[in-house]
Amino acid sequence: AQRMALHPGELLAPTAAARAWWLITFQFVLFVVAFLTRHPTQLPARGIMETLFPLACAAMPFALVVTYPFRPPVRALAGLNPLASGLAIAGTLVIIAGVARLRKSFAIMTEVREPVFGGIYRWTRHPMYVGSMLTAMGALLQNFSAWNALVCLAFCACQVVRARLEERKLGGLIPEYGRYAATVGWLGPFGRRRSGR
C-alpha cells in the first residue's frame, strides 16, 4: 500500500521490476488466502525446528532487500539487471504455481496436511522452495554485497533443511510420499530420494 501510494508511476511502468513487484504482491495475496482456507493439520508442528526455524527461514530473504542498521552497502551488479529481474519473475511464477496447487495444504511451519502430487509437484517436490531460492538469487544480484551473498547462501541451505524436516514428517505419516520422493526430485529427476532416506 505504501509503494502504491508513494510511487504509483514506478509500478505502472512497463518494466521488469514493476512486473516482478506485482507478481510478488500477488504471491503474498495467495499465501494469505491459502493460509485462511487451509485444511486442519493431521500432524501439527512441534519444537523449535518445526515452528520457529521455518518462520525464521521465511523471513530471511527480506534481509536482502530491506535496509537495517548494520547492513553493509549494496550495489546492483553491472549489466545483470535483466538476469536479476528474470530470476525474480521466474521464481515467483514457480512459487505461484506451487501455492495454487498446494492451496488448502499450505503451511509455513512443519505440519502435515493432505499431500499434493499433481500439477507442478509432478516436476519438483518443493516448488515454493525452488522458486524462493531463484527469487533470492535475483534479489542478491540487485543488492549485492559479500554479506548478502552469505545471507542468500544461508537461506538456500535453510530451505534444504526445511524440506528434509517436512519430508521426514510426511514420510512417517503418509507411506506413498516415500514412493513419490523416490520418483520426483528437487528438479525433475535431480535430487530424488533414495529409498530408506
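The values are calculated or read from the model by the stated rules, or taken from the named source; none is laboratory data. These numbers come from a predicted model, not from an experiment. In this analysis, Cβ positions are derived from the backbone assuming ideal geometry, glycine residues included, and neighbour counts consider all displayed protein chains. Only protein heavy atoms, including side chains, enter the accessible area calculation; ligands, DNA and RNA are left aside. Shrake-Rupley method; radii C 1.70, N 1.55, O 1.52, S 1.80 Å.
Residue 138 - would you say it is open to solvent by less than 30 Å² (accessible area, probe 1.4 Å) and free of Cβ contacts under 8 Å to residues at least 60 places away in the same chain? No: the conditions fail for residue 138.
Beta carbons closer than 8 Å, at least 6 apart along the sequence or on distinct chains, pair a first residue in segment 64-84 that is among the small types (Gly, Ala, Ser) with a second that is surrounded by 10 or more Cβ atoms within 10 Å (Cβ to Cβ) and assigned to a loop (DSSP other than H, G, I, E, B) for 76/143; 84/76; 84/77.
Being at pLDDT 90 or above, on the phi < 0 side of the Ramachandran plot and part of a helix (DSSP H, G or I) holds for only one residue in 88, 63, and it is 63. Residues that are open to solvent by 30 Å² or more (accessible area, probe 1.4 Å) and more than 22 Å from residue 135 (Cβ to Cβ) within segment 177-186 comprise 178, 179, 182, 183, listed in sequence order. If you go through segment 154-197 and keep only what is of a type in the set (A, V, I, L, M) and under 14 Å from the mean Cα position of the chain (by Cα), you end up with 154, 157, 160, 161, 163.
Could you list, in sequence order, all residues of segment 72-88 that are open to solvent by 40 Å² or more (accessible area, probe 1.4 Å) and either basic (Lys, Arg) or over 20 Å from residue 147 (Cβ atoms) (or both)?
75, 79, 81, 82, 83
Only a single criterion out of (1) surrounded by fewer than 22 Cβ atoms within 10 Å (Cβ to Cβ); (2) more than 11 Å from the chain's Cα centre (by Cα); (3) not β-branched (Val, Ile, Thr) is not satisfied by residue 93, namely (2). Can you tell me how many residues in segment 141-176 are of a type in the set (Lys, Arg) and surrounded by fewer than 14 Cβ atoms within 10 Å (Cβ to Cβ)? So the count comes out to 2.
So which residues in segment 151-197 are small (Gly, Ala, Ser), assigned to a loop (DSSP other than H, G, I, E, B) and at pLDDT below 90, if there are any at all? Lay out the reasoning, then the answer.
First, the residues of segment 151-197 that are small (Gly, Ala, Ser): 154, 157, 163, 171-172, 178, 181-182, 185, 188, 191, 195-196.
Filter again for assigned to a loop (DSSP other than H, G, I, E, B), leaving 185, 188, 191, 195-196.
Correct list: 188, 191, 195, 196.
Based on this model, can you work out whether residue 109 counts as closer than 30 Å to residue 188 by Cβ and part of a loop (DSSP other than H, G, I, E, B)? Yes: the conditions hold for residue 109. Among the candidates 37, 41, 51, the residue that is at pLDDT 95 or above, under 19 Å from residue 105 (Cα atoms) and of a type in the set (S, T, N, Q) is uniquely 51.
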